Every structure is written in C-alpha cells, then in structure tokens.
Number of protein chains: 2
Amino acid sequence: MINTKVKNSTPHKVVIVGGGFGGLYAAQHLAKAPVDVTLIDKRNFHVFQPLLYQVATGGLSPADISSPLRSLVKDNKNTEVLMGEVMTIDPDKQLVKLRYREISYDSLILATGVTHQYFGQDSWSEKAPGLKTLEDALEIRRRVFIAFETAEKELNPEKRQEWLTFVLVGGGSAGVELAGALAELAHGTLKDDFRHIKTSDARIILVHSSEHILPTYPPNLSKKARASLERLGVKVQTGTRVIDVTENTITLKQGDKVEQIQARTVLWTAGMKASGMAQILAESTGVDLDKSGRVKVTPNFNLPNYDNIYVIGDLAYYAYIKGQPLPGIAPVAMQEGQYVARLIQSRLKEKIIAPFRYIDWGNLSVIGKHAAVVDIKGFRFSGFLAWFIWLFIHVFYLLEFDNKLIVMTQWAWSYLTNSKGARLITTPGEHPVIELEDEPSVYNLST
Amino acid sequence: MINTKVKNSTPHKVVIVGGGFGGLYAAQHLAKAPVDVTLIDKRNFHVFQPLLYQVATGGLSPADISSPLRSLVKDNKNTEVLMGEVMTIDPDKQLVKLRYREISYDSLILATGVTHQYFGQDSWSEKAPGLKTLEDALEIRRRVFIAFETAEKELNPEKRQEWLTFVLVGGGSAGVELAGALAELAHGTLKDDFRHIKTSDARIILVHSSEHILPTYPPNLSKKARASLERLGVKVQTGTRVIDVTENTITLKQGDKVEQIQARTVLWTAGMKASGMAQILAESTGVDLDKSGRVKVTPNFNLPNYDNIYVIGDLAYYAYIKGQPLPGIAPVAMQEGQYVARLIQSRLKEKIIAPFRYIDWGNLSVIGKHAAVVDIKGFRFSGFLAWFIWLFIHVFYLLEFDNKLIVMTQWAWSYLTNSKGARLITTPGEHPVIELEDEPSVYNLST
C-alpha cells in the first residue's frame, strides 16, 4: 500500500527528524527535488561524531567538528530548519508534534540515532558519562582535566592514584580511540605541566565484555589494536563485565574473579539503546522494535503499515543484507539517507528503483597519533599506513564542512607540537572547582 | 615597614592569585628569579579577554582565545599552578586559604580583576548577562542564537519582533565591539540561513548613560565610532539609563522620557565592581576600597600596612599618574604585573628601582569587520586603517599563545567567507530548546 499523497496545489512535503549523517544526507539529496523539506533537530548543529573523542580529550574544539545545520542547507531553497524536539507522531493525520507546534508531512524520515545503554543500571550514567553528543564530549573533557588538577592538589597518595585512574567501559571503536587519546594525553601532552604528579603514572584501563576489542574487525586486526594500545600504556581487560560503579570505584567481573578498582573517572562507550523516537513510533504505529529498541523496517526503510514513514541510520534495524543488521556507523546512515531521498522522488514519479545496496567501505579505528587499524574490502592494514588512510578519509568526509581548513591546520599544529589547546574546563552556570574534603594543611612547592 | 622575610633555607615564596593578564605577566617575569611561584586560579586557563565578544557572536571558539595556564608556564621550573578559589587571607600568618588548603607566602600578588555592576539591581544579572568570562561569552552566544531560532518558529509578528530585538547596555569598548559584531551577524552571516524571518529586521540598540560612547576616547573619535555603528544598523541611544529589566522588556529613561522596549535579549557591559577578593582583603587588612570596590594601593601596588601584599590589574585603584585612576585594560595589568615582579626581585636584593611608569599604548576598539577607532599617543585613526592596526596589535599579543596560527587561519577564513562556524548552542547538562507557550498550530513552509 503506497499512501504517499501527491497534491496538485502544494509541493509534496518531506519532514526529516534528526540532523545527523542520515537526516542531513537525505536533506542534501532532496535539495533539487520538487518537494518542500523541513529538517528538525534538537540542536542547531550537525556533529561529525567520529571525532567526538578528540573534543573529549582537548585536541579539537566543539566548533571544529560541528557545523550549523542552517549553514549546511542554506543553499537548498526548498529546505527549512527548525530547532525543536518531537513529542509525538500522528501517523494517520500525518502530523509531527513538537511541544507547541504541529507540522504536517507527506513523507516522514526519522533519523534520531541511538544512545548508550547502561544495561538497566541507569543510575550509572551520572557516574560514567557516555560519548554520543557534543555535550557528552565536553563533560568528559571536564572530568578528565579536573581529575589531573585534583590529583595535583591531593596530598594523600592513595586518593591521588584514584584521581589518576581512568576506566573506559566498551572496547568498540569509540572506546579504543578514546583510550588511545587519553594515553597520549597522559604520557605526552601533559607530561611537563604538573609539579606534584607524574601524569605518566595515570592508569588507563579499557574494559571489554567479549574476547576481542573492536569486535567487528577480524581477530588479527583486533589483536594488533590491542598491542598498539598496550604500547601506549593502556591496560586492556577483555572478557570482563561491570557489576557496579560508585563515585570512586568500579567493580569488575572476569569469569569468577571479582575485582574492585579505585577510580574517580569512569567513561562509558558500551551498549546501545535507540533514542526515544523508537518508543514514540512503537506507541503510535505498533511497529516492532529489536532488543536494543531499534525500529524494524521493511527493505525500503518503511514501517510495515506506513509507506510514507522512513526510519534510517542507527535508529533502524535493517537486517536484509547477509542476514546481519547493518552496523551503526556514519557511512551506513549516509547511504540510507541518500537512498530514501531517491526513493521518495521515484515514488512521486511513480517509478520503481532498485532495492537498497550497501557499499561497505570498511572499518577504520585510530589508536593514538601514529597507529590505526583498517579493514577495507579485504585489505587490512595496521600501524602508520592505516593511520594515514584514516586521516585521508576523515579529511574527505570533512569536505562537507565549512571549517575543514581550520580543522586541518589545528590538527597539523597539534600533531607537530603535541599540544592540545582545547583542554579548557568550562561549565557555564556552574562552578568548576572541585575541592577535596581533606583537613587543611599547608601546601608547599616541595610537597 | 618592609616585612618581606628572606629565609636562607627555602626560596622566597611568591603566591599569585588570578591568571589574567596581570597575574600571568607577573609569573612570566618571575620565571628566572630565585623564588618559588604558585599561581592560583579558579579556572585552568587564561583568557584573551579583548576577544570575548568574538566568542559571544560565534566567530571564534573558546579555545581560540584561551590557553591552559599550565602550558603557558610549563617552562618556568620555579612555578606551579593550582586550580582553586581563595576563601580568606591571613596577612599576619602570611597564609592564603583555599577551601581545604592553606598556602603560605612570602610575597602575595592579587590580580583577580573586576566584574560588571548592575547598580544595585543584582536580579538583573540573570536577565542581562555580562561579558567578563568565557562562560559569560558562551551564555551570550546561546541566547543570541536561541533568539534567532525562536523568532524563526514564532508565528505572532509582535513576539517575533521581541525575539529579534537585542539591547546592549554600556557603550564602552566591550559594548561597542559586541554591537558591531551582532549587527554583522544579523545583516551578513545569517542572512540566507532562515526562511520565515529576515535577520536584517533585527533591531540592535546600544544604550549608554553618558553623552558619548567610548568615553575614554576624544569626542571626535567617539562620534566616528557612533557613525560606524549606525552604518552597520545599530541604533545608538546615549544619555539613557536603564530603570527596569524583565524577561521580555527593558525600560529606559532618557532625560524625562521613559520608554519600554519589548526585547528578549538584553546584554550588559556597563558598570564595574571589584571581584570578591577586594572584600576579603578589606576585612583581613582594613585596606580602603574605592566606590567600585577596588583596592586603594600605594605607589608600589602594596597595601598601606602590608608591603608584601601587592594588588594589580583591574582590582587595583591606582591614581598616582595624572591624578586619574589607570583604566581597566590589558596593557595596564601587564605592565603592573611586570613591575611588581621586578620590585619583588629588587627587594630581595635590597635594591631600589624607579617608581612605576605607565606607558600608554592608547585605545583601540573595533567596530565590525572593516572599521575601528584608534587613539595612540596623539595619532587618531578611524575606519579601515584603524581596523588593520587593531588586527596587527591583537596578533602581536596573541603571539603569547600556542594557537596563534589557528586563530589567524580561523580569522582569515571567517573574514573571507563571512562565516561564523562557532555558532553552536551548547549547554552541557541542560536542554537547549526553548519552546514557545503558544497554542498548537500547523506549521508550513509557506507560513
């Protein structure tokens, strides 16, 4: 049943919710189509998510990896941007409801992504922030640099070590890249900055539940990634699960062995949970969700009962290729966005296009400044060559961005000088100083 | 009475509170001296304050105008940095008290600066944020871009105009520069970004209490600055005082005329009030404060009763040159920092140095991208030449910074493309969406 309404008087109206890779690519591929497009996002900017870990470790500024949505689509004369949050959807009246607005649509594209999953322990989220948004990255940056500052002030050696212990939960790409960048920070960038601590004493522990980190890679690359991390001073603990997190401890279970680590900074990149949109959709349309809450779509990314609602990107559970769900990475979202943009146009012309084909550009993860692992169409690299390919591909994608020149200069500068200029502890409206609950004591340079 | 204690066993200990221009320059000029230096700041970074307005209007990122204090002094082997806030001072025991720490000193340099003054109406501070810190700049940035976003969504033309009205209180350098940048944003950068509003409809009103804006300049330059602002579309209202501020109005009084303006965004750069340190000092040492709360120092920047406590920068009231207090600008703070660093060293050697002389490098304010006013030692410029001098001097000062290359590239880029890439609405931990309290209504692109 194709219920896409084609009105004669006004153009077909496409509403896109989410300005990530999926939503943005859909908008870009509708720019010349005879449709009106409304792009809705909670934020006024698009984020180049693969580089969030660089913001989290002070290497890049938020603006370096973001671009205002309005700038990105300003030449699309058929497109408007609306900053707002979708509360409900009425699929029969074809309305998207914001808090104080209703917006009508003919076709609706939903691309609001996923967030982390704390395996039912939502209270851990405050103690162990994730890394999905720019705000997350700023919060991690704040915690990391506050930890070093506090260690510098702390006189009790045990507590000092607590502040210098960083546990990262999740050995996927984000966790591996974050661990590598943290290790370089502690062992390189910061090493001459402190007087009372040796930042190279920092313990960085990467905890992963299954046997191999980077589970989407072939095992030999996964092993090389592990070796690269260990060379940088990261302790990699696989086959290990988290059973508790408190303000200054994390409890781990490896087989039957339970271990408690004193750590003030726990960062979380594990698990996956669909954004709230999936639940909204399930309630209003009855669509099935997978165990992570993602929306089970048809081969055309539609809901089974609504051919004018499309779900793409991380939010979609799409398992029609090799029987495996497509991974939650930027190239998948981009290709899906492009596909549904073409599909909507072909349906308006009452034409049929070929089914979606995913072109797998492979996997890429960077580990510190000189190493990466790459798995591209059977070519598998690690080390410096892989790192170079990673850089090239990121530059290529960043070509979408206004500020590519800046980011490249910034990077070249960081690379050459080993400096990380963006390591500011900023917390608008809140006092950034964490003081210790110690007894007063006279503090001298020789301490 | 010189009670500077010179101990034989341990080096003379200098504690500096505040990592602005004054404190930082003092630290830099003590780098090679036979003293131990502790630099204390609430923040972990130094900010190039003259460019805060660029962050507030999305032209530069926080990290572009900031530098970690630790990086700046990392080659000073005698210097440690401590992140913390001073609660009290014990001048007799020579102790500075942080929340959970006491730090002893032989010489103490206080350089914690000033903040804005709401003329007794402290409740206005929430409605009309100032522009003294990086957090202030981010808050202003958030409000400015939220205002445009909300105007775009608003259907009621009156309310829409409310969101498009920006009132700036204070016609000093910060207010003038902010007004110029806002005008360029509305009339230039953003003009193709919106579909329902014309950003050039934005009203930007600069309110100033006395007759001439930029009161430290000669009247003819002040008039030229006013003309430049008016060319950019800013309405300049002199001889006008604020009598009330609410969430969406500001009430002004010009002579006997009282006028209420509907405006959602009010920004404040007027008035001056010493930071809390002045009060701490008055209580512990009995020193006199001026009407803005600044510390009245001796010709050597000491307290009358304590020759080992120095107060410099904006926090000091220093009126020994031409009977006028020195202005609260970066060059004054830098020269004072340098002077007290020399003075401390000379006193350790029991030598006498010449009294402080202030070298007046003049005044400089930039108005938009192509105009400025400059008053340097009798040479007075305005227009493009002045703007070029302004740029040169800023580059010169930024040479202290790690990231000068980046900032220059960023600027060149912004200048050439007229883009402002840093216009992100980020609010860690808080939802950035402001929704309107309207009745729901269907929202179409043609609205």
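When each of A:ASP92, A:ASP106 is tested for being more than 20 Å from the chain's Cα centre (by Cα), open to solvent by 20 Å² or more (accessible area, probe 1.4 Å) and farther than 30 Å from A:GLN262 by Cα, the lone residue that passes is A:ASP92. Restricting attention to segment A:194-205, and to residues there that are open to solvent by 20 Å² or more (accessible area, probe 1.4 Å) and assigned to a helix (DSSP H, G or I), which single residue is farthest from the other protein chains (Cβ to nearest Cβ)? Top of the filtered list is A:ASP201.
If you go through segment A:274-318 and pick out every residue that is surrounded by fewer than 18 Cβ atoms within 10 Å (Cβ to Cβ) and within 22 Å of A:PRO129 (Cβ to Cβ), you end up with 2.
Of the residues examined, A:SER67 is one that is open to solvent by less than 10 Å² (accessible area, probe 1.4 Å) and in contact with a Gly (Cβ under 8 Å, 6 or more places away or on another chain).
Within the set B:ALA330, B:ALA354, the sole residue that is at pLDDT below 90 and not assigned by TED's automatic domain parsing to the domain that holds B:ASP193 turns out to be B:ALA330.
Being open to solvent by less than 70 Å² (accessible area, probe 1.4 Å) and in contact with a Pro (Cβ under 9 Å, 6 or more places away or on another chain) is the filter here, so list the residues in segment A:350-361 that pass it.
A:PHE356, A:TYR358
Considering (1) surrounded by 14 or more Cβ atoms within 10 Å (Cβ to Cβ); (2) in the same structural domain as B:VAL169 (by TED's automatic domain parsing); (3) in contact (Cβ under 8 Å) with a residue 24 or more places away in the chain, the lone condition that B:THR249 does not fulfil carries the number (3). Looking at the structure I just gave you, is A:ALA27 at the interface with chain B (Cβ under 10 Å from one of its Cβ atoms), within 21 Å of the chain's Cα centre (by Cα) and not polar (S, T, N, Q)? The answer is no for A:ALA27.
State whether one or more residues within segment A:301-321 are assigned to a helix (DSSP H, G or I) and hydroxyl-bearing (Ser, Thr, Tyr). Show your work before the answer.
Going residue by residue through segment A:301-321, those that are assigned to a helix (DSSP H, G or I) are A:313-315.
Going one step further and asking which of them are hydroxyl-bearing (Ser, Thr, Tyr), we end up with none.
The answer is no; no qualifying residue exists.
Checked across segment A:72-83, the condition of being open to solvent by 10 Å² or more (accessible area, probe 1.4 Å), modelled with pLDDT of 95 or more and polar (S, T, N, Q) holds for at least one residue. Exactly one residue out of B:HIS208, B:HIS187 is at pLDDT below 95 and either crowded, with 19+ Cβ neighbours inside 10 Å or of a type outside the set (Lys, Arg) (or both), and it is B:HIS187. How about segment B:154-184: which of its residues are open to solvent by 10 Å² or more (accessible area, probe 1.4 Å) and more than 26 Å from B:ASN363 (Cα to Cα)? Correct list: B:LEU155, B:ASN156, B:PRO157, B:GLU158, B:LYS159, B:ARG160, B:GLN161, B:GLU162, B:TRP163.
Taking segment A:27-63 as the search range and keeping residues that are outside any strand (DSSP E or B) and polar (S, T, N, Q), which one is most open to solvent (accessible area, probe 1.4 Å)?
Of everything passing the filter in segment A:27-63, A:GLN49 is most open to solvent (accessible area, probe 1.4 Å).
The values are calculated or read from the model by the stated rules, or taken from the named source; none is laboratory data. Just so you know, these numbers come straight off a predicted model, no measurement behind them. A quick note on method: Cβ atoms are made from the backbone with ideal geometry, for glycine too, and the neighbour counts reach across all protein chains shown. Accessible surface is based on the protein model in full, side chains and every heavy atom, while ligands, DNA and RNA are left aside. Shrake-Rupley method; radii C 1.70, N 1.55, O 1.52, S 1.80 Å.
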